[in-house]
1. When the stretch 116-137 is examined, which residues are found to be within 26 Å of ARG61 (Cα to Cα) and either of a type in the set (D, E, K, R) or touching an Asp or Glu at 6+ places or on another chain (Cβ under 7 Å) (or both)?
2. Determine whether VAL107 is modelled with pLDDT of 95 or more, touching a strand residue (DSSP E or B) at 6+ places or on another chain (Cβ under 6 Å), in a strand (DSSP E or B) and aliphatic (A, V, I, L, M).
3. Going through GLY84, GLY95 one at a time, which residue ends up being surrounded by 14 or more Cβ atoms within 10 Å (Cβ to Cβ) and over 23 Å from LEU28 (Cα atoms)?
4. So, of the residues in the stretch 109-150 that are β-branched (Val, Ile, Thr) and surrounded by fewer than 12 Cβ atoms within 10 Å (Cβ to Cβ), which turns out to be farthest from the chain's Cα centre (by Cα)?
5. I'd like the full set of residues that are under 17 Å from HIS67 (Cβ atoms) and in contact with a Leu (Cβ under 9 Å, 6 or more places away or on another chain), limited to the stretch 90-113.
6. Could you count how many residues in the stretch 123-150 are assigned to a loop (DSSP other than H, G, I, E, B) and within 22 Å of SER72 (Cβ to Cβ)?
7. Select, from VAL81, VAL75, the only residue that is closer than 30 Å to LYS33 by Cα, in a strand (DSSP E or B) and of a type in the set (A, V, I, L, M).
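The values are calculated or read from the model by the stated rules, or taken from the named source; none is laboratory data. Small disclaimer: the values here were computed from a predicted structure and weren't measured. All Cβ positions, even for glycine, are placed from backbone atoms using ideal geometry, and neighbour counts span all protein chains on display.
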Amino acid sequence: MKSIITFLVFLVISVSAQNQNPYYNKALADSLKADDYGMKTYIFVILKTGKSKIEDRKERRKLFRGHLDNISRLVKEGKIVVAGPFMENDKSYRGLFIFDVKTIDEVKELLKTDPTIKAGIFETDIFEWYGSAALSVYLKTADKIWKINP
């Protein structure tokens with residue numbers, strides 16, 4: 001009986017060891033607030049074409065400059081980890097943000113700081129999203145490969 005128990009314990013340890021990532025870095029995972037799967041929850045925002053049509057080109061340019069400046073500020077603050085426009089599509093989807101914050105309510109407050117959203121050029125759909133905790137790390141590389149500031 002003792003040998004059967006020893007064998008079962010050995011089997012459980014062997015199977016569990018096979019599922020471990022040999023590259024796992026606990027300090028890095030903890031710093032990124034990763035769960036055991038290397039994932040975490042973000043807030044995903046889809047920007048859609050809004051109801052407001054701003055015809056004045058100067059005003060529209062000012063609003064979009066403010067939109068880009070606001071994104072840059074939120075990235076520097078660590079609130080946004082991904083942002084970018086969609087290519088032309090039949091859904092009126094214009095772009096996306098992935099926020100690294102705790103709640104949808106916090107995102108709603110942050111979105112109020114975007115002049116294009118305040119002006120009604122964009123509307124938003126907001127979702128909780130589960131993705132790689134390493135998203136924020138890519139920004140350190142991304143900032144080294146662009147040549148022209150948008």
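1. LYS118, GLU123, ASP125 - these are the residues of the stretch 116-137 that are within 26 Å of ARG61 (Cα to Cα) and either of a type in the set (D, E, K, R) or touching an Asp or Glu at 6+ places or on another chain (Cβ under 7 Å) (or both).
2. Here the answer is no, as VAL107 does not meet what is asked.
3. On the way: GLY84 fails: surrounded by 14 or more Cβ atoms within 10 Å (Cβ to Cβ).
None of the others qualify; the one that does is GLY95.
4. Taking the candidates together, the pick is ILE148.
5. Matches in the stretch 90-113: TYR93, ARG94, GLY95, LEU96, PHE97, ILE98, PHE99, LEU110, THR113.
6. Adding up the residues that qualify gives 9.
7. Values: VAL75 fails: in a strand (DSSP E or B).
Sole residue among the options that is closer than 30 Å to LYS33 by Cα, in a strand (DSSP E or B) and of a type in the set (A, V, I, L, M): VAL81.
Conditions tested, residue by residue: (1) exposed (fewer than 10 other Cβ atoms within 10 Å of the Cβ); (2) at pLDDT 95 or above; (3) in a helix (DSSP H, G or I); (4) of a type in the set (Lys, Arg).
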{"residue": "SER3", "(1), (2), (3), (4)": "yes, no, yes, no"}
{"residue": "LEU8", "(1), (2), (3), (4)": "no, no, yes, no"}
{"residue": "LEU47", "(1), (2), (3), (4)": "no, yes, no, no"}
{"residue": "ILE54", "(1), (2), (3), (4)": "no, no, no, no"}
{"residue": "LYS58", "(1), (2), (3), (4)": "yes, yes, yes, yes"}
{"residue": "HIS67", "(1), (2), (3), (4)": "no, yes, yes, no"}
{"residue": "ILE71", "(1), (2), (3), (4)": "no, yes, yes, no"}
